[in-house]
Amino acid sequence: MHYSIFSLVGEALRGNRGWTPAWRRVEPKPRYDVVIIGGGGHGLATAYYLAKEHGITNVAVVEKGYLGSGNVGRNTTIIRSNYLLAGNLPFYEWSMKLWEGLEAELNFNVMVSQRGVLNVFHSDPQRNAFARRGNAMRLHGVDAELLDRDQVRAMIPFADFESARFPILGGLLQPRGGTARHDAVAWGYARGADGRGVDIIENCEVTGIRIANGSAEGVETARGFIAADKVALSVAGNTSRVAAMAGLRLPIESHVMQAFVTEGLKPLIDNVVTFGAGHFYVSQSDKGGLVFGGDIDGYNSYAQRGNLPVIEDVIEGGLALFPSLARLRVLRNWGGLVDMSMDGSPIIDKTPVDRLYLNGAWNYGGFKATPAAGWCFAHLIARDEPHPVAAAYRLDRFARGDLIDERGAGAQPNLH
Ligand SMILES: Cc1cc2nc3c(=O)[nH]c(=O)nc-3n(C[C@H](O)[C@H](O)[C@H](O)COP(=O)(O)OP(=O)(O)OC[C@H]3O[C@@H](n4cnc5c(N)ncnc54)[C@H](O)[C@@H]3O)c2cc1C
């Protein structure tokens with residue numbers, strides 16, 4: 001069903017009785033060309049581009065819960081391509097370009113809002129680091145503007161510019177960055193993939209990966225065995241657990257990350273703003289709530305809920321930047337499971353098991369990557385070779401010492 005102003009008006013006149021489900025409920029077939037484990041944004045985007053770009057439509061996406069129940073529906077919706085390193089920049093910029101055309105591509109309103117992402121800085125060394133990142137972005141054709149204090153003051157006049165501890169000296173702005181409605185992205189890709197013949201199988205946990213002679217043959221699921229020519233892993237925070245089903249041990253730790261929404265306010269914060277002296281970033285939703293987040297909880301976990309110390313830390317960061325928000329009430333908070341790699345960068349690669357492919361280690365930055373991750377993972381699965389913009393995301397880089405360490409902080413779950 002094509003969505004348009006005409007279908008909207010037509011359905012309004014017919015009492016909205018003609019809408020059809022956005023994707024079918026299906027029973028799994030015994031065999032597929034490709035089985036994708038994980039119906040998050042990445043798995044669904046991969047299925048969509050496999051069908052659309054490579055003509056591979058005999059595909060199943062097998063999801064243990066419902067679509068949108070993972071991080072794709074839990075993140076803080078920020079999209080950007082303001083990276084420093086050559087391994088990352090072309091990939092994230094390709095993702096931004098796909099975001100810019102995504103609604104027309106999917107015929108679905110994913111509410112892409114290019115409101116600008118502003119990183120404020122608080123010291124001269126930090127200014128240098130931000131200037132360097134901005135220059136790297138511009139060298140790669142990505143938009144970046146280094147703002148002085150007055151320019152930042154014009155954007156967020158209510159921030160604490162006079163703070164003795166963390167004075168705001170300026171900011172790095174990516175005007176094309178912004179937000180997109182997170183769960184709509186899952187629904188849009190699901191609808192697009194389903195329309196091209198992909199089977200989306202919800203409430204069907206993968207419990208094992210069948211391997212014979214070093215080659216993946218299919219998946220054991222809650223609804224029985226499903227054979228596949230190729231098996232693709234796209235399970236975000238559960239990557240290490242599902243990879244273990246194939247005997248793989250990955251350089252990934254799972255952590256909880258929390259997000260928060262306040263009561264609604266009149267329009268106040270026009271952009272995405274990140275604090276430079278602690279872990280806090282914020283945007284304002286269309287309903288008026290401030291959506292914010294910060295650091296990961298510092299312990300390993302597969303639980304989708306976090307703990308109080310990080311809540312305190314995030315709120316402290318927020319109030320250091322915007323003291324006037326102190327009386328605002330937080331309405332909701334939740335946690336999601338992030339798969340942190342040891343250099344803070346992702347993996348899109350074949351695995352040592354033949355016909356088993358891996359897309360993971362998205363840390364807490366994989367929502368913005370959704371379109372390009374799907375595009376590049378589909379390319380890898382279809383052609384058995386990496387897409388040029390994702391060529392650095394090799395699994396063996398950890399063994400080779402060829403890390404993509406955006407933050408320059410060494411081998412630990414990095415934050416950037
Ligand atoms: C609080 C929070 C804030 C974030 N904010 C941002 C942000 O602002 N910008 C940004 O770019 N990124 C952000 N991220 C990161 C981003 O959400 C993730 O990197 C990205 O969503 C991961 O890809 P996905 O959408 O495919 O994951 P998911 O939606 O988690 O998809 C993985 C799916 O695999 C399924 N699965 C797991 N195990 C199995 C199994 N055995 N069998 C079948 N299915 C299985 C899960 O149920 C899940 O649905 C944030 C994350 C969190 C938690």
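The values are calculated or read from the model by the stated rules, or taken from the named source; none is laboratory data. Please read these numbers as outputs of a predicted model, since none were measured by experiment. We place every Cβ from the backbone using ideal geometry, glycine too, and count neighbours over all the protein chains shown. Accessible surface is based on the protein model in full, side chains and every heavy atom, while ligands, DNA and RNA are left aside. Shrake-Rupley method; radii C 1.70, N 1.55, O 1.52, S 1.80 Å.
A few notes on this one:
- Of the residues in region 96-108, at least one is closer than 17 Å to residue 374 by Cα, within 13 Å of the ligand (Cβ to nearest atom) and either open to solvent by 10 Å² or more (accessible area, probe 1.4 Å) or within 13 Å of the chain's Cα centre (by Cα) (or both).
- Residue match in region 263-273 (condition: in contact with a helix residue (DSSP H, G or I) (Cβ under 9 Å, 6 or more places away or on another chain), part of a strand (DSSP E or B) and within 21 Å of residue 173 (Cα to Cα)): yes
- Meets criteria (open to solvent by 10 Å² or more (accessible area, probe 1.4 Å), out of contact with any Asp or Glu (no Cβ under 8 Å at 6 or more places or on another chain), at pLDDT below 95 and of a type outside the set (Val, Ile, Thr)) for residue 383: no
- Enumeration of residues in region 52-95 that are of a type in the set (Ser, Thr, Tyr) and either near the ligand (Cβ under 7 Å from one of its atoms) or open to solvent by 30 Å² or more (accessible area, probe 1.4 Å) (or both): 57, 66, 69, 76, 77
- With a requirement of 2 or more residues that are under 16 Å from residue 31 (Cα atoms), the strands (runs of 3 or more DSSP E) lying completely within region 169-224 that satisfy it span 199-201, 206-212, 215-221.
- Filter result for residue 253 (modelled with pLDDT under 95 and assigned to a loop (DSSP other than H, G, I, E, B)): no
- Near pairs, Cβ below 8 angstrom, 6+ apart or cross-chain, from region 63-78 (touching a residue at least 60 places away in the same chain (Cβ under 8 Å)) to any residue that is open to solvent by 30 Å² or more (accessible area, probe 1.4 Å) and within 6 Å of the ligand (Cβ to nearest atom): 64/205; 70/236; 71/236; 75/364
- Going through (1) closer than 22 Å to residue 120 by Cβ; (2) open to solvent by less than 40 Å² (accessible area, probe 1.4 Å) one by one, residue 297 falls short only on (1).
- Against the numbered list (1) part of a helix (DSSP H, G or I); (2) open to solvent by less than 40 Å² (accessible area, probe 1.4 Å); (3) within 24 Å of residue 388 (Cβ to Cβ), residue 152 comes up short only at (3).
- Scan of region 322-343 for residues that are of a type in the set (Gly, Ala, Ser) and either under 23 Å from residue 404 (Cβ atoms) or within 12 Å of the ligand (Cβ to nearest atom) (or both), ordered by number: 335, 336, 341
- Annotation note: of 181, 223, 241, the sole residue that is open to solvent by 10 Å² or more (accessible area, probe 1.4 Å), within 10 Å of the ligand (Cβ to nearest atom) and among the basic types (Lys, Arg) is 241.
- Search result, residues across region 294-326 that are of a type in the set (Gly, Ala, Ser) and in a helix (DSSP H, G or I): 317, 318, 320, 324
- Residue 23 being part of a helix (DSSP H, G or I), in contact (Cβ under 8 Å) with a residue 60 or more places away in the chain and either within 16 Å of the ligand (Cβ to nearest atom) or over 24 Å from the mean Cα position of the chain (by Cα) (or both): no
- Inside region 353-369, residues that are in a strand (DSSP E or B) and within 13 Å of the ligand (Cβ to nearest atom) make up a count of 3.
- Flag if residue 191 is open to solvent by 50 Å² or more (accessible area, probe 1.4 Å), closer than 30 Å to residue 102 by Cα and not hydroxyl-bearing (Ser, Thr, Tyr): no
- Annotation note: Cβ proximity below 6 Å between a residue of region 338-349 that is over 20 Å from residue 294 (Cα atoms) and a residue that is among the hydrophobic types (A, V, I, L, M, F, W, C) and open to solvent by 10 Å² or more (accessible area, probe 1.4 Å) (sequence gap 6+ or interchain) occurs for 347/395; 349/395.
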